[in-house]
Amino acid sequence: QELLRVMRTIDDRIVHELNTTIPTASFVGKIDAGQTCKELYQSLMDAHTSRERIIKNCIAQTSSVVKALREEREKAQDDVALLKQLRKEQTKLKLMQSELNVEEVVNDRSWKVLS
């Protein structure tokens, strides 16, 4: 979650980035606004792609842990510690799945601002 928060900095600062990227009338001849916008666009694309990949990787890893714990739980139904660990991993899995929804909202907002 901390890594995602840091990686979302570009999205959180998109308005600031646009304000500093697009030149004012006095700087129009000194800065290539089109190229600068393309670079900002590419930075956003890279950030969104890497965050989505990381989230999906975490979901896959946590899903495999949950699956393994469920199999163990079927064999040892009286193991309270195992049940507690399973619930913890299931909660983590739900949290990571909800991060995909958060990611979609963040991405949509950034693209609307950039457009």
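The values are calculated or read from the model by the stated rules, or taken from the named source; none is laboratory data. Treat the numbers as computed from the prediction; the structure is a model and nothing was measured. Every residue, glycine as well, gets a Cβ built from its backbone with ideal geometry; the counts of neighbours run over all protein chains shown. We work out accessible area using only protein heavy atoms, side chains counted, and drop any ligands, DNA or RNA first. Shrake-Rupley method; radii C 1.70, N 1.55, O 1.52, S 1.80 Å.
Quick notes on this structure:
- For the chain, the membrane-span-like helices by this rule, meaning whole DSSP H stretches whose C-alpha atoms cover at least 18 Å of axis and whose Kyte-Doolittle mean is -0.5 or above, are 80-114; this says nothing about an actual membrane.
- What the pair-distance distribution of the stretch 32-80 shows, using all Cα-Cα distances binned every 5 Å from zero, is 5, 18, 11, 11, 10, 8, 9, 6, 6, 5, 4, 3, 2, 0 percent.
- Stokes-Einstein, applied to the Kirkwood radius of the stretch 32-114 over Cα pairs at a viscosity of 0.692 mPa s and 37 °C, places its translational diffusion at 217 µm² s⁻¹.
- Partners of Lys112 within straight-line reach, counting lysines whose Cα lies under 23 Å from its Cα and excluding those fewer than 8 residues away in the same chain: Lys38.
- Normalised per residue, the accessible area of the stretch 32-114 is 68 Å², obtained with a 1.4 Å probe and no contribution from ligands, DNA or RNA.
- Within a Gaussian network of the chain (alpha carbon springs, distance under 10 Å), most fluctuating of Asp46, Asp79, Asp11: Asp79
- Reach of Lys92 by Cα under 25 Å, taken over lysines that are not fewer than 8 positions away in the same chain: Lys56, Lys67, Lys75, Lys84
- Rolling a 1.4 Å probe over the protein heavy atoms of the chain, with every protein chain left in place, gives an accessible area that is 54 percent carbon and sulfur.
- Farthest toward positive dipole pole in the chain [+1 Lys/Arg, -1 Asp/Glu at C-beta], among His16, Val113, Leu3: Leu3
- Candidate residues Met96, Met7, Met45: accessible-area rank, largest first, probe 1.4 Å: Met45, Met7, Met96
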